[in-house]
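Reviewing the structure listed below.
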Amino acid sequence: LAAPPTVRIVHSGLACNIEEERYSERVYTIREGETLELTCLVTGHPRPQIRWTKTAGSASDRFQDSSVFNETLRISNIQRHQGGRYYCKAENGLGSPAIKSIRVDVYYLDDPIVTVHQSIGEAKEQFYYEKTVFLRCVANSNPPVRYSWRRGQEVLLQGSDKGVEIYEPFFTQGETKILKLKNLRPQDYANYSCIASVRNVCSIPDKMVSFRLSNKTASPSIKLLVDDPIVVNPGEAITLVCVTTGGEPAPSLTWVRSAGVLPDKTVLNGGTLTIPAITSEDSGTYSCIANNNVGNPAKKSTNIIVRALKKGRFWITPDPYHKDDNIQIGREVKISCQVEAIPSEELTFSWFKNGRPLRSSERMVITQTDPDVSPGTTNLDIIDLKFTDFGTYTCVASLKGGGISDISIDVNISSSTVPPNLTVPQEKSPLVTREGDTIELQCQVTGKPKPIILWSRADKEVPMPDGAPQTESYDGILRIVNVSREMTGTYRCQTSQYNGFNVKPREALVQLIVQYPPAVEPAFLELRQGQGRGVTMSCRVLRAYPTRVLSYEWRLGSKLLRTGQFDLQDSTEFTVSSLSRDSYGTYNCNIINEAGAGRCSFLVTGKAYAPEFYYDTYNPLWQNRPRVYSYSLQWTQMNPSAVDRILAYRLGIRQ
């Protein structure tokens with residue numbers, strides 16, 4: 001017996017309301033925070049597989065994965081963003097999948113907020129010097145909220161008071177309600193209340209907010225008792241103080257950071273923010289915001305700069321007027337020194353030769369590069385190099401504010417100072433390794449000084465194993481841990497100008513070959529067949545490297561059945577012509593190359609598939625007689641002809 005699937009969605013009864021709309025669309029209304037429970041009732045032979053999705057069949061990321069494939073979808077503490085259309089899909093391979101949907105509408109009402117504004121065109125220094133005041137009431141809700149206003153205990157309606165106008169702005173109709181007080185009178189200084197209501201749907205009560213309007217009501221103003229910017233050393237504690245200088249009612253103060261959240265170690269006490277033991281990661285713009293819902297919030301900011309010196313590097317530039325990359329007596333040579341400094345305006349450089357200070361002269365010209373062109377860079381030009389100029393030159397970078405360790409860089413200029421050269425050891429390319437191993441790619445660099453080596457893929461579109469476009473190495477070695485087959489290919493090593501010569505880069509190529517064991521299919525297959533019948537098992541190679549010298553072996557348990565080698569084919573078969581009790585069990589086919597083995601497993605059994613029992617009526621059918629009901633009970637079995645047929649069944653009743 002086989003039948004295509006059918007499906008129907010029922011609910012647990014927690015809904016506020018279930019509406020049957022046109023075209024059989026069902027709308028399920030539930031209050032935010034309640035538990036959504038939907039059950040998908042299915043029929044069909046074989047039993048269909050069920051999947052819940054949200055919004056046009058997209059993979060759901062908004063409810064627990066454990067319930068996606070269950071009949072019952074359960075979402076505890078449902079939130080507003082989880083509203084939408086939910087689909088139940090059932091399929092068993094017969095006919096088209098059965099799909100039913102229901103729209104879930106989540107109802108909620110947030111606390112209303114009242115903000116107060118004065119007409120912009122009439123604003124003076126005093127907030128309420130002029131006569132027109134606007135009170136705006138806003139509350140997020142579903143369904144749309146209805147607003148009402150009170151002054152004291154008096155309900156305000158449009159037209160009930162000539163000095164009061166109540167309206168909805170054209171561009172936000174239904175989202176807000178504005179109370180306009182024209183020609184402000186003494187009686188308008190009072191306590192105003194805004195009531196937001198969704199008419200008790202889902203038993204959601206009305207919510208109210210009050211605001212006291214007086215002749216002292218004013219928007220907030222603040223000031224920061226700190227400098228801008230603040231430059232500090234790492235490890236220091238820093239305190240930012242923000243105070244209110246005006247505003248009625250009293251404003252609330254909050255601190256925010258432009259680069260995201262405040263550091264975890266931040267201590268807040270009212271308008272005071274303290275960061276103990278500050279680090280470079282804590283730098284950025286910090287803002288104090290004051291808000292009392294009158295006018296616009298006040299905001300003051302300061303920038304925290306944490307001193308830092310890092311990445312000290314140098315390079316040697318031979319005489320640019322000659323094509324020779326070597327340093328020669330009688331020609332010019334330039335030594336450049338670079339660091340990353342924060343703040344850059346505090347950076348100072350000093351030069352030394354063999355430990356003695358150097359000053360700029362006609363033959364030893366010291367310059368500092370334009371910060372916009374090459375920030376944090378100083379140059380020492382040696383004009384007409386002489387033998388007496390050989391020695392160790394040192395550039396020292398420091399910050400004027402102190403508190404940070406200087407960076408000192410030594411550069412040796414001598415007859416042995418020569419440009420770099422790159423070679424790959426003969427046995428290091430091509431380099432053969434196995435998947436999962438650790439491998440070192442090597443480029444030998446000669447020259448003095450030895451520069452930083454940059455590693456990259458020869459195919460520039462392909463990233464390095466760590467995901468970066470290139471990797472730096474100080475010894476010419478690239479170490480790759482847990483090599484994978486995707487890392488097979490050509491790698492380029494090249495000299496950088498850093499810590500070496502500023503000349504055309506030298507480069508070399510290294511070939512990496514990653515061997516991996518065969519990937520095979522099927523990994524596991526269950527075969528059910530009765531005694532005396534035949535069964536054929538096939539194991540196929542999907543991918544392998546190396547592909548040559550592939551061998552295979554078939555085993556039943558530990559017993560070796562057959563071995564062989566692949567020629568041009570990509571699969572091997574094993575046939576049992578007549579099954580007996582001894583030939584049932586687990587058959588393994590191992591396909592082997594130099595890197596390892598892939599395995600296909602076949603469980604050959606004479607056991608029948610278990611039957612599936614179910615009923616395809618959702619509720620008992622009443623038979624027009626008291627206490628007499630009926631169900632249509634059925635059963636089905638997968639692949640019933642493979643083994644002995646089921647000859648009998650027993651029906652048990654439990655009440």
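The values are calculated or read from the model by the stated rules, or taken from the named source; none is laboratory data. These numbers were taken from a predicted model, which means no experiment stands behind them. Counting neighbours? That spans all protein chains shown, and the Cβs are built from the backbone with ideal geometry, glycine included.
Before moving on, here are some points about what is shown:
- Wholly within region 15-103, strands (runs of 3 or more DSSP E) carrying at least 1 residues that are under 24 Å from residue 202 (Cβ atoms), modelled with pLDDT under 85 and acidic (Asp, Glu): 17-20
- Residue that is surrounded by the fewest Cβ atoms within 10 Å (Cβ to Cβ) [pool: residues in region 248-302 that are touching a Gly at 6+ places or on another chain (Cβ under 6 Å) and within 30 Å of residue 216 (Cβ to Cβ)]: 253
- Checking every residue in region 496-511 against the condition of being aliphatic (A, V, I, L, M), closer than 20 Å to residue 311 by Cβ and not in a strand (DSSP E or B) gives zero matches.
- Residues that are under 30 Å from residue 233 (Cα atoms) and either in a loop (DSSP other than H, G, I, E, B) or out of contact with any Cys (no Cβ under 7 Å at 6 or more places or on another chain) (or both) within region 310-333 comprise 310, 311, 312, 313, 315, listed in sequence order.
- Any hit, region 383-390, residues being part of a strand (DSSP E or B), of a type outside the set (Asp, Glu) and either in the same structural domain as residue 357 (by TED's automatic domain parsing) or under 24 Å from residue 360 (Cβ atoms) (or both): no
- Scanning region 241-297 for residues that are within 27 Å of residue 340 (Cα to Cα), assigned to a loop (DSSP other than H, G, I, E, B) and touching a Ser or Thr at 6+ places or on another chain (Cβ under 6 Å) turns up just one, 258.
- Residue check for residue 365: loosely packed, with under 15 Cβ neighbours inside 10 Å and either in a strand (DSSP E or B) or in the same structural domain as residue 319 (by TED's automatic domain parsing) (or both): yes
- For region 155-193, residues that are among the polar types (S, T, N, Q), under 50 Å from the mean Cα position of the chain (by Cα) and either assigned to a loop (DSSP other than H, G, I, E, B) or at pLDDT below 90 (or both) total 3.
- Flag for residue 339 being under 51 Å from the mean Cα position of the chain (by Cα) and either farther than 30 Å from residue 232 by Cβ or aromatic (Phe, Trp, Tyr) (or both): no
- Taking region 529-559 as the range and being within 46 Å of the chain's Cα centre (by Cα) and among the basic types (Lys, Arg) as the test, the residues that pass are 540, 543, 548.
- Residues in region 506-539 that are closer than 30 Å to residue 412 by Cα and crowded, with 16+ Cβ neighbours inside 10 Å: 2 in all.
- Residue within region 188-209 that is touching a Gly at 6+ places or on another chain (Cβ under 8 Å), touching a residue at least 40 places away in the same chain (Cβ under 8 Å), under 19 Å from residue 148 (Cα atoms) and surrounded by 13 or more Cβ atoms within 10 Å (Cβ to Cβ) present: yes
- Residues that are in contact with a Lys or Arg (Cβ under 7 Å, 6 or more places away or on another chain), of a type outside the set (Phe, Trp, Tyr) and either within 30 Å of residue 131 (Cα to Cα) or not in a strand (DSSP E or B) (or both) do occur in region 216-225.
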